[in-house]
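Notes for the one structure printed next.
The values are calculated or read from the model by the stated rules, or taken from the named source; none is laboratory data. All values derive from a computational prediction rather than experimental measurement. Counting neighbours? That spans all protein chains shown, and the Cβs are built from the backbone with ideal geometry, glycine included.
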Amino acid sequence: MRRTADGFCGGVIVETEAYIKDDPSCHAFRGETKRNKVMWGEPGRSYVYLIYGFHFCFNAVCRPKGEAEAVLIRAIDPCAGIEFMRGRRGLMDERSLTNGPGKLCAAMAIDRAFDGVDLCDVHSPLFIAENPALRLTNRMLGPIITTTRIGISSAADWPLRFYLDGSGSVSKKVRPLKPSRLLE
């Protein structure tokens, strides 16, 4: 969720992509830099970076300090602050508001100012909250599909992309490698 002057905006995370150690497509693969410093820090922090000189991408650092790994939030099903996000993107179709990492950041006004934010603090301007209806969400939008990653060239064939197949907000549906068990 993103706290704005107009209230909250955000939704259910429906697509992610993992970037792990020993992964040549991971920003931390070649070591710590000024750009990726947050990845080397505490888990539960946001790692936000600019790609193609235009689009921001938002990740959640997920490993202990010194083990630079993160999960890219690729898409959400918008459910809060939809008018705010429509205004930011100039779109009416909710499915197209946040169906890709750059679109998600544009709709939610996430930029480098959010790099390093504590995603576990509900008072933070950007946070990831527990879904109280997780089982229902998984039943309604599942199954969870595991595929290779998209939009990268190195290690693109690694099965580190996950999405909820029933969501209309997934950036790109591809043939699954294998269905994953729904999270209980």
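Ile110 meets each of the listed conditions (1) without any contact (Cβ under 8 Å) to a residue 60 or more places away in the chain; (2) in contact with a strand residue (DSSP E or B) (Cβ under 8 Å, 6 or more places away or on another chain) apart from (1). Pairing each residue of the range 34-45 that is without any contact (Cβ under 8 Å) to a residue 60 or more places away in the chain with any residue that is in a helix (DSSP H, G or I) and of a type in the set (Phe, Trp, Tyr), provided the two are 6+ apart or on different chains, yields no C-beta distance under 9 Å.
Within the range 84-102, being out of contact with any Gly (no Cβ under 6 Å at 6 or more places or on another chain) and either touching a residue at least 24 places away in the same chain (Cβ under 8 Å) or hydrophobic (A, V, I, L, M, F, W, C) (or both) holds for Phe84, Met85, Leu91, Met92, Glu94, Leu97, Thr98, Asn99, Gly100, Pro101, Gly102.
State yes or no: is Tyr19 surrounded by fewer than 21 Cβ atoms within 10 Å (Cβ to Cβ) and in contact with a Phe, Trp or Tyr (Cβ under 9 Å, 6 or more places away or on another chain)? Let's see the steps before the verdict.
Details: surrounded by fewer than 21 Cβ atoms within 10 Å (Cβ to Cβ): no; in contact with a Phe, Trp or Tyr (Cβ under 9 Å, 6 or more places away or on another chain): yes.
No; evaluated as a whole, the condition is false for this residue.
Filtering the range 117-142 to residues that are surrounded by fewer than 16 Cβ atoms within 10 Å (Cβ to Cβ), of a type outside the set (Lys, Arg) and not in a strand (DSSP E or B) leaves Cys120, Asp121, Val122, His123, Ala129, Glu130, Asn131, Pro132, Ala133, Leu134, Leu136, Met140. Counting only residues that are surrounded by fewer than 18 Cβ atoms within 10 Å (Cβ to Cβ) and either of a type in the set (Ser, Thr, Tyr) or within 17 Å of the chain's Cα centre (by Cα) (or both), the range 70-93 holds 2 of them.
Please find, within the range 94-116, the residue that is surrounded by the most Cβ atoms within 10 Å (Cβ to Cβ) out of those that are aliphatic (A, V, I, L, M) and closer than 17 Å to Ala75 by Cα. It would help to see each step written out before you state the result.
Of the range 94-116, the ones aliphatic (A, V, I, L, M) are 97, 104, 106-110, 113.
Applying the additional criterion that residues be closer than 17 Å to Ala75 by Cα yields 97, 104, 106-110.
Working: Leu97: 26, Leu104: 31, Ala106: 20, Ala107: 28, Met108: 29, Ala109: 19, Ile110: 22.
So, considering only residues that are aliphatic (A, V, I, L, M) and closer than 17 Å to Ala75 by Cα, the one surrounded by the most Cβ atoms within 10 Å (Cβ to Cβ) is Leu104.
Could you please find all residues in the range 70-100 being part of a strand (DSSP E or B) and either within 23 Å of Gly151 (Cα to Cα) or of a type in the set (Lys, Arg) (or both)?
Taking the range 70-100 as the starting set, the residues that turn out to be part of a strand (DSSP E or B) are 70-80, 99.
Ala70, Val71, Leu72, Ile73, Arg74, Ala75, Ile76, Asp77, Pro78, Asn99, listed by residue number.
Considered as a group, the residues in the range 36-58 that are under 23 Å from Ala107 (Cα atoms) and touching a His at 6+ places or on another chain (Cβ under 9 Å) include one that is surrounded by the fewest Cβ atoms within 10 Å (Cβ to Cβ), and that residue is Tyr49.
Within the range 151-177, the only residue that satisfies the criterion of being more than 18 Å from Glu69 (Cβ to Cβ), touching a Lys or Arg at 6+ places or on another chain (Cβ under 9 Å) and outside any loop (DSSP other than H, G, I, E, B) is Tyr163. Per the conditions (1) in a loop (DSSP other than H, G, I, E, B); (2) free of Cβ contacts under 8 Å to residues at least 24 places away in the same chain; (3) surrounded by 14 or more Cβ atoms within 10 Å (Cβ to Cβ), the sole criterion not satisfied by Glu67 is (2). Kindly indicate whether any position in the range 28-36 is at pLDDT below 95 and in a strand (DSSP E or B). Scanning the range 28-36, I find no residue that is at pLDDT below 95 and in a strand (DSSP E or B), so the answer is no.
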